[in-house]
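Below: the structure, in structure tokens.
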Amino acid sequence: MNFKSKLINFFRLIFPSSLTELWVFLFFITLYGILGSYIAINYTIIFDNRIPWDAYFSFDNRSIVMTGGSFERHPLSYYFFNWIREFAFLISNGKTDSTFRLVLAWLSTTAVSLSVLQVFKYLKNIIRLPLIISLLLVSFFGFFSTNILLSFTPENFTYTLFLLCLYNHYAAIKLKKEEKISGIALVFAGISVGGLTITNIIKVFIPVLFEKKLFWSWKKFGNAALRVTITFVCYILLYLNRIDFKYKNIFNKTNEQYEKFSNVKSTPTWDMILSYFFGGNILFSNFIIRDKNNMKGFNFKGLIMDVYSSWIPYVFIAILLGLIFWSYFRNFKNKLVQIIMISFILDIVIHCIMRFGLHTSYIYGGHFIFVYPLLLGWLFYSYHSSPRVLSFLTVTIGILLIYLIINNYIRMTEFFWFLNSYYQ
């Protein structure tokens, strides 16, 4: 395959390649775009030079846009956000005004819309679900609270969501064809995904473990080991170059961050796991307004999520988790399902067991929320010859979708009340 063909296939992978895919993409980019544009034009919350972090839901908008975030957690995002910031300045003539915010919002809108498209492509082309089921599941995914927030938020998680969705789709195509994952693709994924959030680099290597007969042939195993090694070497060299090879700073800063984000005891652990990690990324919870300070004398209001105050959201999350684990055990021998679940388990270990950032784990949804529609898709697939079960699953997801839209719409009206009160 020549370079031109590879380039065409690359763009066909990322962007809509059929009329149905185009309509899905246009629907969500319009929906998210209207929301993001309205917020960017009328409010200052997307980027305010006085507020580096925590204006809403612990996102670090200004800090991320200006610096890429802390090097120990986001080692290479400095370079990525340099491009984004300079592009936004180019359009706004160097001003951090509504035009600047609008560019940031539309970049986020495009990234999240492409993420939704990748999930739809996976459901349609990899799992090969009927169109109506694919549309149902992608609609369910599209109204998750994380997607709504990231669609106008300039953050690492916004672009991590897209890159992980894209890589999982690409890896699934390769494994379904019983082909190995390209070394160039592995290096690119390792640098981009791991560069935005360091722990996610492990997810890049999970599909490699499921290449055909990898452990049956020393040649195949050696080739895989070489690809992984090259990826690690490229990543580590870029990381060390970012910090001027002062590698001891990595351990010092990592310990500081772990202590800071892992020792919150204000809420029972089980409730943080359900309300924040499993729930807050999908179904908005109650909001709390807090007094914040930028450490330079400026006071402002911040918005965070509380745990659920009603039994209904807990039932919602319990049903969804039940469906997810039903899908996993039903498709246990499916290597594509195993890849998705192992990736999800990694986040569960980091946030729920190690408790890193558990009290704000609703902001980490970009790392894993795409696993929900994909696992639900595999559940539908496993019962393709059982009309009764398919009907049950369709009705169940339909009811969950209706509640999701109503709940998240009501919460977004509360979010706009917050914006009208403090960020006009």
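The values are calculated or read from the model by the stated rules, or taken from the named source; none is laboratory data. This structure is a prediction, so every number in the text was calculated from the model and none was measured. FYI the Cβ positions are ideal-geometry reconstructions off the backbone, even for glycines, and counts take in every protein chain you see.
Some notes on this structure:
- Scanning region 50-68 for residues that are surrounded by 22 or more Cβ atoms within 10 Å (Cβ to Cβ) and of a type outside the set (A, V, I, L, M) gives Y56, F59, D60, N61, G68.
- Scope region 329-342; condition buried (at least 19 other Cβ atoms within 10 Å of the Cβ) and in a helix (DSSP H, G or I); matching residues: L336, V337, I339, I340, M341
- Taken over region 381-397, the criterion of being farther than 21 Å from F278 by Cβ, out of contact with any His (no Cβ under 8 Å at 6 or more places or on another chain) and assigned to a helix (DSSP H, G or I) is satisfied by Y381, S382, P387, R388, V389, S391, F392, T394, V395.
- Contact map, region 313-324: residues that are closer than 11 Å to L404 by Cβ and among the basic types (K, R) paired with residues that are modelled with pLDDT of 95 or more and in a helix (DSSP H, G or I), Cβ distance under 9 Å, separation 6+ or inter-chain. No pairs are found.
- Looking only at region 150-196, and only at residues there that are free of Cβ contacts under 8 Å to residues at least 12 places away in the same chain and in a helix (DSSP H, G or I), the one that is farthest from I342 (Cα to Cα): I184
- Boolean, K296 is part of a helix (DSSP H, G or I) and either closer than 23 Å to P373 by Cα or at pLDDT below 90 (or both): no
- Only one of the numbered conditions (1) aromatic (F, W, Y); (2) more than 30 Å from F143 (Cα to Cα); (3) at pLDDT below 85; (4) surrounded by 15 or more Cβ atoms within 10 Å (Cβ to Cβ) is not met by F245, and that is (4).
- Each residue in region 343-370 was checked for being hydrophobic (A, V, I, L, M, F, W, C) and either part of a loop (DSSP other than H, G, I, E, B) or buried (at least 24 other Cβ atoms within 10 Å of the Cβ) (or both), and 6 pass.
- Region 197-219: number of residues that are crowded, with 21+ Cβ neighbours inside 10 Å and free of Cβ contacts under 8 Å to residues at least 24 places away in the same chain: 0
- Qualifying residue in region 118-130 (condition: surrounded by fewer than 19 Cβ atoms within 10 Å (Cβ to Cβ), closer than 17 Å to T158 by Cβ and of a type in the set (S, T, N, Q)): no
- Number of the condition not met by I184 [criteria: (1) of a type outside the set (D, E); (2) in contact with a His (Cβ under 7 Å, 6 or more places away or on another chain); (3) surrounded by fewer than 24 Cβ atoms within 10 Å (Cβ to Cβ)]: (2)
- W106 vs. criteria surrounded by fewer than 13 Cβ atoms within 10 Å (Cβ to Cβ), within 15 Å of Y159 (Cβ to Cβ) and aromatic (F, W, Y): no
- Positions within region 12-24 being assigned to a helix (DSSP H, G or I) and surrounded by 10 or more Cβ atoms within 10 Å (Cβ to Cβ), in sequence order: R12, L13, I14, T20, E21, L22, W23, V24
- Within region 36-89, tally of residues that are of a type outside the set (A, V, I, L, M, F, W, C), within 24 Å of F356 (Cα to Cα) and touching a residue at least 12 places away in the same chain (Cβ under 8 Å): 17
- Of all residues in region 82-139, those satisfying the criterion of being among the basic types (K, R) and in a helix (DSSP H, G or I) are R85, R101, K121, K124.
- Residue among E155, E72 that alone is touching a helix residue (DSSP H, G or I) at 6+ places or on another chain (Cβ under 9 Å), farther than 23 Å from I282 by Cα and not hydrophobic (A, V, I, L, M, F, W, C): E72
- If you go through region 274-318 and keep only what is among the polar types (S, T, N, Q) and surrounded by 19 or more Cβ atoms within 10 Å (Cβ to Cβ), you end up with S275, N281, S285.
- Residue within region 308-318 that is under 28 Å from V193 (Cβ atoms) and modelled with pLDDT of 95 or more present: yes
- Annotation: G36 fulfils all but one of (1) of a type outside the set (F, W, Y); (2) crowded, with 22+ Cβ neighbours inside 10 Å; (3) more than 27 Å from F300 (Cα to Cα); the unmet one is (3).
- Subset of region 20-72 [acidic (D, E) and at positive phi]: D54
- Unmet criterion (only one of (1) polar (S, T, N, Q); (2) under 15 Å from L164 (Cα atoms); (3) in contact with a Lys or Arg (Cβ under 7 Å, 6 or more places away or on another chain)) for S134: (2)
- Filter result for L161 (of a type outside the set (K, R), at pLDDT 95 or above and surrounded by fewer than 24 Cβ atoms within 10 Å (Cβ to Cβ)): no
- Among the conditions (1) outside any helix (DSSP H, G or I); (2) in contact with a Lys or Arg (Cβ under 8 Å, 6 or more places away or on another chain); (3) surrounded by fewer than 22 Cβ atoms within 10 Å (Cβ to Cβ); (4) not aliphatic (A, V, I, L, M), the only one that P75 does not satisfy is (3).
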